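Inspection log for the structure reproduced underneath, given as structure tokens.
Every number in this text was worked out from the coordinates using simple rules, so none of it is lab data. Note that the structure is predicted; figures quoted are calculated from it, not measured. Glycine also receives a Cβ, built like all others from the backbone with ideal geometry; neighbour counts cover every protein chain displayed.
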Amino acid sequence: MKEIEIVDAYFRAANYISAACLYLKDNPLLLRPLKDTDIKGKLVGHWGTVPGQNFIYTHLNRVIKKYDLNMLYISGPGHGGNASLAQSYLEGTFSEVYPWCPKNKEGMQHLFKEFSFPYGLGSHATPEIPGSMHEGGELGYSLIHAYGAVLDNPSLIAACCIGDGEAETATLATSWQVHKFLNPKRDGIVLPILHLNGYKISNPTIYSRMSNKELICYFTSLGYHPYIVEGLDKWQLHKIMMNTLDNIVLEIKKIKTDSKEKIYYPMIILRTKKGWTGPKKVLDKEIEGTFRAHQIPVDKSNPDYLKIIEDWLRSYHPEELFNADGTLKDFLEEYHPTGNRRMSANEATNGISHMTLKLPNPEDYLLDNQVPGKIVAQDMLELSKYIRDVLRLNKSDYRIFSPDEAMSNRLYHIFEVEKRTWEEKILSGDENLSNDGRIMDSFLSENVCEGLLEGYTLTGRYGTFVSYEAFIRVVDSMVSQYLKWLKMKKSISWRREIPSLNLILTSNVWQQDHNGYTHQDPGFIDHLGTKKRDLVNIYLPIDTNSLILTYDKCLKDKDKVNAIIASKHPTRQWLSKEEAKTLIDNGLIELKKFSTSDNPDIVFASCGDTPNIETLAAVSILKKFIPNIKLRVLNILEVLKLESDKRNPFGLTDTKFNAYFTKDKPVIFDFHGYPAFIHSLLYDRENKNFLVHGYMEEGSITTAFDMRLRNKIDRFSLLEDALNYLPDTKEKEALKEYIEEELKKYYSYVKEYGLDLEEITNFALNN
């Protein structure tokens, strides 16, 4: 048998399994005519993208085996799960991880029934499918995940199938530029395969209606060497694809060995019909090559559906492909790669890290802070010293990603050991750019930076995405999709742990007074707070010591999304080394140097760096006017700890919660974000006397303290709450007058000079 005939037979086998997954629950080899009882009760799934993906995967298998390539496959188009499923089954990987589904007739029947079936297998390339590391539910992230996977993986080729509908999404459109940040000596290669099948759900696609000349010009201008693969019939397509891939492998080898100033990376533009090899017409309506092939090409509403399905499935000639017992014919079994060379068994897709992250001792970077508020430091600047040394110790397993914000976010010290990744021209006025740089800070796209980190983390490496707090909202949906993947992954026994996805949100809402309302948004906390509690952590450190220890903890964490909201401006330092350790261990702490009683009349609590400052200022003023007042002062690092352990296994028990917050005393709570979020955590607690302050969507270009005043997280607003719980005394009246006079003085000053009063910014603590 000729090689091209074997390729076609394997292609037919994959298509048969993919199509049968849509319909069959019995009679998997069509050993008898189809009956209605052989068909699933509810037909769920998609077909349109599947045959094209099977074509790609089948041909990639040939060159993997021929050239001994280390390659993984990313399925970008939505709902192409039956293609990935069919391929992992044919390669045997699926049966290895799921012994209940052997490579025979019985296993095939199980496979068909479980696809798109309750408690079975989904219609995307889900975590349950071996070889998957990208689900393709929400479109647009496939190419950026591929680029993230090949960073620091010099032998890896990530073949990424991109649907022509998917190619229209914003993130994907931007991702075409990322190859300009790869170093072929240090990083692997991404092979984009743009699959033009003509249609989205019900509309034509833009790229498919472009001429080949337009496509070649467009992608050449982006820095690619495009190969067009199209043909009048499948035999011509097979031949062209075989020649194309042979040429591309040689081109990749040349890129990896030859040093060139400008590299044009190979890519494939594949034109096939949507729903190729499926029914051509149903009820006189064209199916193949139209949007109608997108989902189930023929359903039970058609009186002739059984005959159409049977004719379709038999057109692949399963008797030529499978033995009577359902095993694969020997010549096809010999076609696919073996062991870890199978794309469905590639180690990179299962989060294997070949290095253990080496971490410096975080205590070496802590400030010797004995007197609260005495030392002034920049938390992010101090953290950058720790990150610098993590970079120094880990040259191939750790990266920082930030959209042109590393310097803005005070990560100054990381540039002492690494430079920015940049493979284009470098001019004399540029700073910290290098072809060998490893800091991914030169791409102004939150989506790209976060997506690169996802691909990097999914393949078992460590990193952090650092962003302005307001603009991390750009990746809300990306993080949601990642968490859905993570949830499913954790339920699969053969899936390995991966490092946590670590996010630092700085330039935060209370430090954006100078940039205005658009830069003031703490809502990512709310977004992350809706997710599964075993998957997320939200940290709000109040100073350098708590930030460094929090970050160290996050780097040691597995299978989580960690969000750290941090300060970058010069600010007073509050915690000693020991206090910071206690805060990390417990998630919250009583600031005993500011508390006055174990049996308080009022509890003050803060969560966030700026709320902590205002809380301590309020407490200091209150103690000055009413020295005998009984107070407890708390700070919360892990905001989700406030939730009851009945709803959150990591939350505080009622006993512990009451020990901190009391059962019935007023709690004046100053929060970094939206007050409603705190209320959502506390609704079932015994103590109903929480007065929560937080961001109220009052923003402008103003001063830092005016921002606090506008949103009532300031010390005076907190004191006004406290006044409501104090008896009428001369001291109380004196405090009221003080607040009124201070506010008058402040407003007069800020309106005249545009600055905050020195006594506001540098208040004296009364301990």
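The loop-placed GluC sites (Glu not before Pro) in region 356-460, going by DSSP, that have at most 11 neighbouring Cβ atoms within 10 Å of their Cβ come out as 431.
Computed across region 409-455, the Kirkwood radius stands at 11.6 Å (inverse of mean 1/r, all Cα pairs).
Take every Cα pair under 8 Å whose residues are at least 6 apart in sequence, average their separation, divide by the length of region 593-746, and the relative contact order is 24 percent.
Can you tell which of 649, 20, 411 lies farthest toward the positive end of the dipole of the chain, using +1 and -1 charges on the Cβ of basic and acidic side chains (Lys, Arg; Asp, Glu)? Farthest towards the positive end: 20. Cross-link check: pairs 556/646; 374/630; 103/281; 25/487; 553/593 evaluated at a Cα-Cα cut-off of 31 Å; pairs beyond the cut-off: 103/281. Cα extents for region 194-348 along the principal axes, largest to smallest and rounded to whole angstrom: 63, 41, 30. When its C-alpha radius of gyration is set against 2.2 N^0.38 Å (N residues), region 350-402 gives a value of 1.48.
With one equal scatterer per alpha carbon and no solvent term, the Debye-computed log10 I(q)/I(0) for region 471-577 at 0.10, 0.14, 0.23 1/Å reads -0.33, -0.62, -1.28. Roughly how tilted is helix 305-314, in degrees to the nearest 10 and between 0 and 90, from the longest Cα axis of the chain? Tilt of helix 305-314: around 70 degrees. In region 561-624, one over the average inverse separation of all distinct C-alpha pairs is 13.4 Å, which is the Kirkwood hydrodynamic radius. Axis angle, to the nearest 10 degrees, between helix 730-753 and the longest C-alpha principal axis of the chain: 60 degrees.
The mean of 1/r over all distinct Cα pairs in region 144-200, once inverted, gives the Kirkwood hydrodynamic radius of 11.8 Å. Relative to the longest principal axis of the Cα atoms of the chain, the long axis of helix 234-257 lies at roughly 50 degrees.
Rg and Dmax of region 332-475, based on Cα coordinates, read 18.9, 74 Å.
Evaluating kT/(6 pi eta Rh) at 20 °C and 1.002 mPa s, with the Kirkwood radius of region 589-761 over Cα pairs in the Stokes-Einstein relation, gives 128 µm² s⁻¹. Each principal axis of the Cα cloud of region 523-565 was taken in turn, and the coordinate range along them, longest first, works out to 28, 24, 10 Å. Shown here for region 417-524: chymotrypsin sites (Phe, Trp or Tyr not before Pro) in loop regions (DSSP other than H, G, I, E, B) with at most 14 other Cβ atoms within 10 Å, namely 494. Only Lys, Arg, Asp and Glu carry charge here, each on its Cβ (+1 for the first two, -1 for the last two); on that basis the chain has a dipole of about 1640 debye about its Cα centre.
Its Cα gyration tensor gives region 380-442 an equivalent ellipsoid; the semi-axes, largest first and in whole Å, are 19, 14, 9. Here, P(r) means the percent of Cα pairs in each 20 Å bin from 0 to the largest distance; for the chain it is 16, 41, 28, 13, 2, 0.
How big is D for region 297-407, in µm² s⁻¹ as a whole number, if Stokes-Einstein is applied with the Kirkwood radius of its Cα pairs at 10 °C and 1.306 mPa s?
On the way: Rh = 21.4 Å.
It comes out at roughly 74 µm²/s.
For region 3-346, the pair-distance distribution built from all alpha carbon pairs, in bins 20 Å wide starting at 0, is 33, 58, 9, 0 percent. Excluding same-chain neighbours fewer than eight residues apart, the lysines reachable from residue 253 by a Cα-Cα span under 23 Å are 65, 66, 180, 185, 239, 262. Across region 362-572, the relative contact order, built from alpha-carbon pairs under 8 Å that are at least six residues apart, equals 26 percent. Shape descriptor for region 362-572: Rg over Rh equals 0.96 (Cα atoms; Rh from the Kirkwood inverse mean 1/r).
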